[in-house]
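Trainee: Shown below is the structure under consideration.
Taken together, the values in this text are just the output of simple stated rules run on the coordinates, not laboratory data. Predicted model only: the values in this text are computed from it and were never measured. We place every Cβ from the backbone using ideal geometry, glycine too, and count neighbours over all the protein chains shown.
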Amino acid sequence: MSSKFSRVSSVEALREAARAQGVEPTDADLEAVRGFLATILPTLAEIEDGFGPDTAPVALFLSDQEAR
Amino acid sequence: MTLTQLAGRIRRGELSPRDAVADALARAESAQAALNAFITVRGDEALAEAEQLESHPDRGPLFGVPVAVKDVIDVAGTRTTAASRILADNVATEDSTVVARLRQAGAVVIGKLNTHEFAFGASTTSTHFGPARNPWDTDRICGGSSGGSGAVVAAGIVTGALGTDTGGSVRIPACLCGVTGLRPSTGRVPIRGVVPVSWSFDTVGPLARTAEDCALLLHVLAGVDGADPTSVRVPVPTYPDLLAPDMRGLRIGVVSHLFEGAIDPRVAETVETAVSELAGLGARVERIDALFLREADVAQQLVMLPEAAAVHLPWLRTRLAEYGDDVRVRLLAGLLLPATSVVTGQRSRRRLFEKAASLFEQHDVLVAPEMPIVAPRIGEDVVDVGGERLAYRLSLIPFNSPWSCLGLPAASVPCGFVDGLPVGMAIVGRRFDETTVLQVAHAFQQVTDWHERTPPVRA
């Protein structure tokens, strides 16, 4: 089920996502990013599939003061 | 000479702080052409600080000892470049917490050390400041990102240096340069005044010749800082007083899968021999199955990459072309991962914490190879790992990310050589149990002399 979600987006889609955040990468950057993401996304999908509903995320750190 | 020995000589009046600092500065200058380990040398400032110390009545544990710090760690009045073009002219206005603590202990910072750009890589081959070179073979990398820190200790320029470790950046250069390095537990040492990579994993740790020296430095560095929300309020043991070398009864888990597959078999064999030394000291050594740790390789990336992108977002918008190619691509990947990836990474860490807890119910420390290979040549981005061609960056992740992902203390200690280049053994402890990690490392160094070997480039 996860394989269709583990595909890396096209250069155009990545460019749009970057632009939406105010960043303007080159085509060469985006091709390299696609290659990089291809090493991560299949495992990301596998990890997502393995969670039960009670697997809560680890919290970001809370300082002593904030934790009180 | 070790840091502990040097501190003793100065304390006894056999060497003045000024002479110790002047000697270190001379060594730094003479080795710079060969190693490119320093980005900034604090010549006049360090000498002036050493002279001031001589009339100072309060003599701390590092009184007069010259040290150097990675160039992501702020020293007031000195530039912090992070080996980047973006911060090339960035002069720190305040000391970082760790530098303030070094000074309070009497140490003198003689300079800022080369690093991978923004501490975001494991080669220390900045396109802006040039590569740091390995004292064992100057055609090879020092590892990274604290590559300059590994080089200066190995070459004997200083007896102690600070690095930072997010995903291996103290341990990797310690291993490839043949020195001892310690990543403390996340939260053990404050990171205020350090250029961040990823708040969830960033640590500051010592590199020195011996575990005893690392214990001394850690004792100076550790402890909560009210101004740093990532630092944790836990007791700080007196590490140097706790290095009893008696290993009888200690339970050591050998992480089996890291000795197989994508590793140079000669490196694996060297670390196996080191493990048998530990058994010979009376420790109970058992091989363990911990394949679940492989999930940490990606889990850490899922959290670290977006956090790094968040750190850099203003510059990604305005100065994107000024990053080196490799760093730019990884930061963009962090920007473009799905928004849920951080949550997935943190959920994965929850699962990993639960499984790792059961490992540490049965074992006091875990041991493994620190790296699967010896130092690659500069520019060798793809390496031969046990007959497999792998990106250098990917080859090291399974050996480093699990311990970072779990926030555990992990040391790399020299344990042999392959092709004349150093090999390191990783020793990993429970969270905030740096004491046991240092005890095992120290005990190993009482019966071996790998940490005493000196490289061809020796200042």
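Trainee: To the nearest whole number, what is the average tally of beta carbon atoms from other chains within 10 Å of the beta carbons of peptide B:303-315?
Mentor: Rounded to a whole number, the mean comes out at 1.
Trainee: By counting other Cβ atoms within 10 Å of each Cβ, how are B:Thr115, B:Thr180, B:Thr238, B:Thr159 ranked from fewest to most?
Mentor: Exposure proxy ranking, most exposed first: B:Thr238, B:Thr159, B:Thr180, B:Thr115.
Trainee: Give the separation of the Cα centroids, the range B:1-75 to the range B:88-125, in Å.
Mentor: Each part reduced to its Cα centre gives a spacing of 14 Å.
Trainee: Only Cα pairs under 8 Å and at least 6 apart count here; give the relative contact order of the range B:214-350 as a rounded whole percent.
Mentor: 21 percent
Trainee: Which of the trypsin sites (Lys or Arg not before Pro) found in the range B:212-288 are loop residues per DSSP with 16 or fewer other Cβ atoms within 10 Å of their Cβ?
Mentor: Hits after loop and neighbour filter: B:Arg233, B:Arg248.
Trainee: How much FRET efficiency would the formula 1/(1 + (r/R0)^6) give for B:Arg233 and B:Gln104, where r is the Cβ-Cβ distance and R0 is 22 Å, rounded to 0.05?
Mentor: Plugging the Cβ-Cβ distance into 1/(1 + (r/R0)^6) gives 0.70.
Trainee: At 222 nm, what value in deg cm²/dmol follows for the protein assembly as shown if DSSP H runs of at least 4 each add -39500 (n - 2.57) and the sum is divided by all its residues, to the nearest 500?
Mentor: Counting only the DSSP helices, I get -12500 deg cm²/dmol.
Trainee: Looking at the P(r) of chain B, how many percent of alpha-carbon pairs lie beyond 39 Å?
Mentor: 13 percent
Trainee: So what is the relative contact order of the range B:76-205, in percent, for Cα pairs below 8 Å that sit 6 or more residues apart?
Mentor: Reported as a whole number, the value is 20 percent.
Trainee: How much length, in nm to one decimal, is gained on full extension between B:Thr273 and B:Ala26, taken as 0.36 nm per residue of separation minus their Cα-Cα distance?
Mentor: Separation in residues times 0.36 nm, less the Cα-Cα distance, equals 85.1 nm.
Trainee: Applying 1/(1 + (r/R0)^6) with R0 = 35 Å to the Cβ-Cβ distance of B:Arg317 and B:Met1, what FRET efficiency is obtained, to the nearest 0.05?
Mentor: My answer for the efficiency is 0.10.
Trainee: Ranked by Cβ crowding within 10 angstrom, fewest neighbours first, how are B:Arg103, B:Arg453, B:Arg188 ordered?
Mentor: If I rank by nearby Cβ atoms, fewest first, I get B:Arg453, B:Arg103, B:Arg188.
Trainee: Which ordering of B:Lys112, B:Lys70, B:Lys355 is given by a fewest-first count of other beta-carbon atoms within 10 Å?
Mentor: Fewest-to-most Cβ neighbours within 10 Å comes out as B:Lys355, B:Lys112, B:Lys70.
Trainee: Set the Förster distance to 51 Å, then compute FRET efficiency between B:Glu286 and A:Ala20 from the Cβ-Cβ distance, nearest 0.05.
Mentor: Plugging the Cβ-Cβ distance into 1/(1 + (r/R0)^6) gives 0.45.
Trainee: Work out the length of the dipole vector of the protein assembly as shown about its Cα centre, built from +1 on the beta-carbon of each Lys and Arg and -1 on the beta-carbon of each Asp and Glu, and round it to the nearest 20 debye.
Mentor: The calculated dipole for the protein assembly as shown is roughly 400 debye.
Trainee: May I ask for the distance between the Cα centers of the range B:380-459 and the range B:335-352, given as a whole number of Å?
Mentor: Cα centres, the range B:380-459 to the range B:335-352: 28 Å.
Trainee: Could I ask something else about it? List the relative contact order of the range B:355-396 as a percent without decimals, with contacts defined as Cα pairs under 8 Å and 6+ residues apart.
Mentor: 27 percent
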